[in-house]
Structure formats: C-alpha cells, structure tokens
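K.L.:
Starting off with a structure, shown below.
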Amino acid sequence: MANTEHKPVVLLVDDSIDVHRLLQARLRHEQIELVGTTKSAEAVDMARQHKPSTILLDLDMPGMDGFEVLRALKDDSAANSIPIIVLSGKAGSEDKVTAFDLGATDYVTKPFDLAELRARLRAALRLDHLLRLLAERAEVDGLTGLGNRAAFDKRWAEKVAESRRYGTPLSLAMLDIDYFKRINDTYGHPAGDQVLVGLAQSLQSESRSPDIACRYGGEEFALIMPSTGPAEAQIVAERIRAALAAQIWSRHPDSPITVSVGLVGSSGPIGDVTPDRWLEAADRNLYAAKRAGRNRCITADLAHAIPGAAKAA
Amino acid sequence: MPSPQTAPPIISTLASDPDMAELIQLFVEEIPDRVRTLQDFWQRGDLSELKRLAHQLKGSGGGYGFATLGAAAGNLEHTLNHAPGPQADLETVARQVDELVNLCARVRVA
C-alpha cells in the first residue's frame, strides 16, 4: 500500500500518456513515488487505493472532466483532505477561480515550467504533511497518548458499522477509575495524572493488538474490542482491572487504585443498534458496577442490554 | 505555404535538457504514427477522435518543447469544439489539419 518506502505518493490524473511520460522524467529526482491514470473515472478509486500525498489533476479530459473529478474527490471522505494541484492548458482566471472554489490547493498551467511545478509540488507535499500531523494530533490525548474522545467517536462508529455489515462480534468496555476525585484531593493533581497514565499503560499492556483504547474524558476510558464476544471481552477487562490493582504508586504506595468496568458485547449480528445506544448501555453497566461496590466488571450481552436491537438482523 | 521539404526543421526548445533527450526522441519517433492516425480520423470524419488527438498534441507539443506544434493542435481543437458545424467550419478544420500535418513533418530530434 501507500507510503511503504516513506516516499510520499503523488497521483497524476491526465488523459494524455505524453504528460505521464513527461512528468515521470521531470520529477525523477524528486523524493516521490508517482502513480497515475489516464482515465478520469478511475481517479477516486486510485486516490482511495494509494492514499497519495498530492494529486496532480488535469482539467481538460474526455468523459468526466477535471472539475467533476475534483468534486468527486472532495465528496469522498477518504480523499477529501488530499491537496490537489490542477493542471490546465488554460491560463484564464475563470477556470482558476472555479478550481479553487471546488477545493483545489494550487493551479499550474501547461506547458509546465519545471522549476515552478517542482516548487508547487513541494509546497503541496508540505501542506499534506502538516494536515496529517494535525489530524493525528487532534485525535491524541496529550497526557496518556491514547486516542481522545474524538478518536473514540470516530473509531467506535466505524467498528459498529463494520460489525453491522459483516455480522462479526464486537465488544465495548467503559472504564472509570474508582475514587479518582479523592486521589486528586488527597495526593494532588500530579498523583491523579500518574494514575491516569497508569491505567492507560494497563489498557495497552493487557489488551490485544486490534483493540482500541481511548481516553473518553476525565477519568473515564473506553476499550473497543473488535471481533470479540462478551465472554472473551470480559477476560480482557478483568486482566486490565487486575493489572491496575497490582500497580504500586510512587506517590501513595499504600493506596492501591482500582477501576470499575461496564461491558456490553455481541457475538453475532448486532441488528440496527446505534453506536450511541450501545455506549449508553455500557455506561449503565459501569454505573451498576459502581453501585455494586466498585473494582469489578459488569458484562452484558448486547441482545439483553438493548432488548429488540438484535432482532432486526 | 512552404512545403515540408524546403521549410526549416523544427527542433525542441528543450533539446539540450538531459532529462528530456530520451523523451523527445520517443515523441519524435511516434509522430509519423500520430499523423497517420490523425489523417485517418479526419478522412473517416470521426471528429470526436480527431479532437481528442488534437487535445493530446496540444498538451504534449508544448510540454516537449514544440510550441508551434502545440499551438497548431490547439487551434484545431478549438475549431472542433464547435463542430460539427456549417461547411465553413469544416474548411477551417481541413486547413488546420493540413497545417498540423505539415508542422509534424518538419519535427526532428536534432
């Protein structure tokens, strides 16, 4: 797939094979991997497949023209943030304005001035690099390094949709540190932070590689367990609970920390249950675990937690 | 109009660029084929294919350092964008095809 050699991929969409040859030669010394298609209708698929860092897009193509491709790329959730440099034989401002209005990053007129094209390509690649960095940062919790609330919302919706489509098992555990406010009040905020980081470490060491751990907010964490039914998920949750309870805290070595867990999982078709309702069900179990005395995991099958949800499958 | 034999050869303005030498050679070698295809489309009256070819030559002519070729192809494409039209338009197309063919005949690697 894309970026395996750490060279950014650049996708060229131009109906003329001459332009492909020309740019292959012209960009030979750039640190990029150039992929291309002469069929405009293939552009979006190519973009999804190769995840390019920049797209060079010809305007004047038979069939689907460059503006239509531009629109389709901007409508595609997987491709819409890729910088696009429009290539055109027309220098008129009307086409430029249209291209920029449709979301193009830059505009280069043919025949290419080599130095200019290279410079503009490098600028687009820098933009892509920053956009990727920003997208990563925007979804990482600064303290624990886990995914944040935004990352959770996105990944959870993806996993529920996947499970709905393929009928695969899926489980969600919500975890909340017991008496967290007391830790903060008694030992200070640095101690509280240490506990948050400690739970994040237990989450990572005890979960499996496909599992997705996020800090949901405050002292509440979420663990998405794809392809995992409730029984197996409970084993993972118990491992995390035990690992946290076994940690020794330098700031309060005599006060162990525990966590309560609410878990709702499904072994089979999930029906039409929404990500939100599933999350609410897991939260209900979390509060049940708190009321039952904390430091425990309460697990339910989705079909029981949300009666009727799985019937539609 | 001077005949292709007496008119001076057309050489790429990018001929001295080492990156381009191989490409220009390939482009020049393929020109006779393209001219045949162009004439073929014109004789068959396939104006949409003729337009597609003119469009490509416009882009590659400029890109490979043959600006006059690119411009002639561009003129042809422009006329064809309004085709099929009245007789006058087709006469223009005929003249522009000839012009393009004559320019192509003068293209040389060096």
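K.L.:
Quick one: in segment A:294-309, of everything that is farther than 21 Å from residue A:235 by Cβ and surrounded by fewer than 18 Cβ atoms within 10 Å (Cβ to Cβ), which residue is modelled with the lowest pLDDT?
P.N.:
Ranking the qualifying residues of segment A:294-309, first place goes to A:308.
K.L.:
Restricted to segment B:93-110, and to residues that are hydrophobic (A, V, I, L, M, F, W, C) and under 13 Å from residue B:42 (Cα atoms), which residue is surrounded by the most Cβ atoms within 10 Å (Cβ to Cβ)?
P.N.:
By that ranking, first place goes to B:100.
K.L.:
Taking segment A:35-61, which residues are over 15 Å from residue A:79 (Cβ atoms) and either within 14 Å of chain B (Cβ to nearest Cβ) or among the hydroxyl-bearing types (Ser, Thr, Tyr) (or both)?
P.N.:
A:38, A:39, A:58, A:59, A:60, A:61
K.L.:
So in segment A:103-121, with the set limited to residues that are free of Cβ contacts under 8 Å to residues at least 60 places away in the same chain and not in a loop (DSSP other than H, G, I, E, B), which one is nearest to the other protein chains (Cβ to nearest Cβ)?
P.N.:
That would be A:109.
K.L.:
Condition (residue is over 21 Å from the mean Cα position of the chain (by Cα), at pLDDT below 90 and not hydroxyl-bearing (Ser, Thr, Tyr)) applied to segment A:68-86: is it met by at least one residue?
P.N.:
no
K.L.:
Moving to a separate point now. Of (1) under 18 Å from residue B:102 (Cβ atoms); (2) within 12 Å of another protein chain (Cβ to nearest Cβ); (3) charged (D, E, K, R); (4) out of contact with any Lys or Arg (no Cβ under 7 Å at 6 or more places or on another chain), residue B:77 satisfies all except one. Which?
P.N.:
Going through the list (1) under 18 Å from residue B:102 (Cβ atoms); (2) within 12 Å of another protein chain (Cβ to nearest Cβ); (3) charged (D, E, K, R); (4) out of contact with any Lys or Arg (no Cβ under 7 Å at 6 or more places or on another chain), residue B:77 breaks only (4).
K.L.:
Moving on. Going through segment A:1-28 one residue at a time, which ones are modelled with pLDDT of 90 or more, closer than 21 Å to residue A:127 by Cβ and part of a helix (DSSP H, G or I)?
P.N.:
Result: A:23, single match.
K.L.:
Got a number for residues in segment A:99-118 being within 14 Å of residue A:57 (Cα to Cα) and modelled with pLDDT of 90 or more?
P.N.:
10
K.L.:
If I filter segment A:248-281 down to residues being of a type in the set (A, V, I, L, M) and in contact (Cβ under 8 Å) with a residue 40 or more places away in the chain, which single residue comes out as surrounded by the fewest Cβ atoms within 10 Å (Cβ to Cβ)?
P.N.:
So, considering only residues that are of a type in the set (A, V, I, L, M) and in contact (Cβ under 8 Å) with a residue 40 or more places away in the chain, the one surrounded by the fewest Cβ atoms within 10 Å (Cβ to Cβ) is A:279.
K.L.:
Now for a separate question. Which one of B:67, B:15 is closer than 19 Å to residue B:106 by Cα, out of contact with any Leu (no Cβ under 8 Å at 6 or more places or on another chain), at the interface with chain A (Cβ under 9 Å from one of its Cβ atoms) and touching a residue at least 24 places away in the same chain (Cβ under 8 Å)?
P.N.:
That would be B:67, the only listed residue that is closer than 19 Å to residue B:106 by Cα, out of contact with any Leu (no Cβ under 8 Å at 6 or more places or on another chain), at the interface with chain A (Cβ under 9 Å from one of its Cβ atoms) and touching a residue at least 24 places away in the same chain (Cβ under 8 Å).
K.L.:
Across segment A:36-77, what is the number of residues that are over 24 Å from residue A:130 (Cβ atoms), among the small types (Gly, Ala, Ser) and outside any helix (DSSP H, G or I)?
P.N.:
Here the count works out to 2.
K.L.:
A further question follows. I'm trying to understand the selection: among the residues of segment B:58-73, which are assigned to a helix (DSSP H, G or I), at pLDDT 90 or above and either closer than 24 Å to residue A:115 by Cα or not hydrophobic (A, V, I, L, M, F, W, C) (or both)?
P.N.:
Of everything in segment B:58-73, those that are assigned to a helix (DSSP H, G or I), at pLDDT 90 or above and either closer than 24 Å to residue A:115 by Cα or not hydrophobic (A, V, I, L, M, F, W, C) (or both) turn out to be B:67, B:68, B:69, B:70, B:71.
K.L.:
Something else now. Against the condition within 13 Å of chain B (Cβ to nearest Cβ), in contact with a strand residue (DSSP E or B) (Cβ under 6 Å, 6 or more places away or on another chain), of a type outside the set (Val, Ile, Thr) and without any contact (Cβ under 8 Å) to a residue 40 or more places away in the chain, how does residue A:20 come out, does it pass?
P.N.:
Answer is yes for this residue.
K.L.:
Closer than 30 Å to residue B:22 by Cβ and either aliphatic (A, V, I, L, M) or surrounded by fewer than 20 Cβ atoms within 10 Å (Cβ to Cβ) (or both), is that true of residue A:42?
P.N.:
yes
K.L.:
If I go through segment B:44-63 residue by residue, how many of them are out of contact with any Lys or Arg (no Cβ under 7 Å at 6 or more places or on another chain) and within 7 Å of another protein chain (Cβ to nearest Cβ)?
P.N.:
Qualifying residue count for the region: 5.
K.L.:
Within segment A:150-157, does at least one residue satisfy the condition of being buried (at least 17 other Cβ atoms within 10 Å of the Cβ), basic (Lys, Arg), modelled with pLDDT of 90 or more and part of a helix (DSSP H, G or I)?
P.N.:
Yes, segment A:150-157 contains a residue that is buried (at least 17 other Cβ atoms within 10 Å of the Cβ), basic (Lys, Arg), modelled with pLDDT of 90 or more and part of a helix (DSSP H, G or I).
K.L.:
Return the only residue of A:99, A:200, A:135 being touching a residue at least 24 places away in the same chain (Cβ under 8 Å), surrounded by 13 or more Cβ atoms within 10 Å (Cβ to Cβ) and under 25 Å from residue A:52 (Cβ atoms).
P.N.:
The match here is A:99.
K.L.:
Which one of these does residue B:41 not meet: (1) more than 10 Å from the chain's Cα centre (by Cα); (2) within 11 Å of chain A (Cβ to nearest Cβ); (3) closer than 17 Å to residue A:15 by Cβ?
P.N.:
Just one mismatch for residue B:41, condition (2).
K.L.:
Related question: From the list A:240, A:257, which one is β-branched (Val, Ile, Thr), over 19 Å from residue A:153 (Cα atoms), assigned to a helix (DSSP H, G or I) and at pLDDT 95 or above?
P.N.:
A:240
The values are calculated or read from the model by the stated rules, or taken from the named source; none is laboratory data. Everything numeric here is computed off the predicted structure, so don't read it as measured data. Methodologically, a virtual Cβ is constructed for each residue, glycine included, from the backbone with ideal geometry; neighbour enumeration extends over all protein chains shown.
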